[in-house]
1. Could you grab me the full set of residues in the range 114-128 that are hydrophobic (A, V, I, L, M, F, W, C) and either touching a residue at least 12 places away in the same chain (Cβ under 8 Å) or open to solvent by 100 Å² or more (accessible area, probe 1.4 Å) (or both)?
2. Within the set of pairs 6 or more residues apart or between chains, which connect a residue that is surrounded by 15 or more Cβ atoms within 10 Å (Cβ to Cβ) inside the range 34-53 to a residue that is of a type in the set (Val, Ile, Thr) and in a helix (DSSP H, G or I) with Cβ atoms less than 6 Å apart?
3. I'm told GLU70 meets every condition in (1) surrounded by 15 or more Cβ atoms within 10 Å (Cβ to Cβ); (2) closer than 25 Å to LEU20 by Cα except one. Can you identify the failing condition by its number?
4. Looking at (1) surrounded by fewer than 14 Cβ atoms within 10 Å (Cβ to Cβ); (2) at pLDDT 95 or above, which is the one condition that is false for PHE17?
5. Cβ-Cβ under 7 Å, sequence separation 6+ or interchain: first residue in the range 97-109 and in a loop (DSSP other than H, G, I, E, B), partner of a type in the set (Phe, Trp, Tyr). Which pairs?
6. Report yes if some residue within the range 99-110 is of a type in the set (Gly, Ala, Ser) and under 19 Å from ILE38 (Cα atoms); otherwise report no.
7. If I ask for residues that are surrounded by 15 or more Cβ atoms within 10 Å (Cβ to Cβ) and either more than 19 Å from MET40 (Cα to Cα) or in contact with an Asp or Glu (Cβ under 6 Å, 6 or more places away or on another chain) (or both), which ones from the range 80-97 would you list?
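The values are calculated or read from the model by the stated rules, or taken from the named source; none is laboratory data. The structure presented is a predicted model; accordingly, all values stated were derived computationally and were not measured. Here the Cβ positions follow ideal geometry from the backbone for every residue, glycine too, while neighbour counts run over all protein chains shown. Just the protein is used for accessible areas: all its heavy atoms, side chains included, with ligands, DNA and RNA removed. Shrake-Rupley method; radii C 1.70, N 1.55, O 1.52, S 1.80 Å.
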Amino acid sequence: MPLIHRALFTWFILLIFLVLLVLRLDQRIQWNWFIVFIPMWLYDNILLIYIIFNMISYCKNGRVSSLRREAWYMTAVLMKLSAQILICLKLEAPYWFLPAKVVLAPFWLLLPILAVDVFIHLIKHCRY
């Protein structure tokens with residue numbers, strides 16, 4: 001899929017999610033929070049399938065060095081997915097008394113690691 005199609009698909013999914021989120025926060029709809037997050041889970045599952053197919057093709061072609069990068073991508077998507085599930089549980093079941101530290105822990109772990117990864121990637125591929 002060309003880059004422009006991936007970008008448009010990502011923005012479209014994000015737009016649907018934001019519309020559902022605004023409708024739910026504005027109390028125009030009384031849907032379950034898990035239903036509101038369906039566009040994000042759909043996107044994450046498509047992304048995981050894409051990563052798995054890339055990993056399989058790298059194994060077939062003998063490019064094992066790229067597997068580490070794909071494994072990192074899979075870990076990042078799974079952490080995002082777990083944070084979304086915890087957010088939905090916090091919003092849907094307030095009687096469980098999930099602390100915000102626990103709910104946002106995957107994000108707090110993921111964001112600094114992503115920042116370091118982007119910085120290292122920029123340093124490696126910087127052309128003067």
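1. LEU114, PHE119, LEU122, ILE123
2. Sorted first by the residue in the range 34-53, then by its partner, the pairs are PRO39/ILE13; PRO39/ILE16; TYR43/ILE13; ASP44/VAL77; LEU47/VAL77; LEU48/VAL77.
3. Among (1) surrounded by 15 or more Cβ atoms within 10 Å (Cβ to Cβ); (2) closer than 25 Å to LEU20 by Cα, GLU70 violates only (2).
4. It fails just one condition, (1).
5. Pairs that qualify, where the first residue is in a loop (DSSP other than H, G, I, E, B) and the partner is of a type in the set (Phe, Trp, Tyr): there are none.
6. no
7. LEU81
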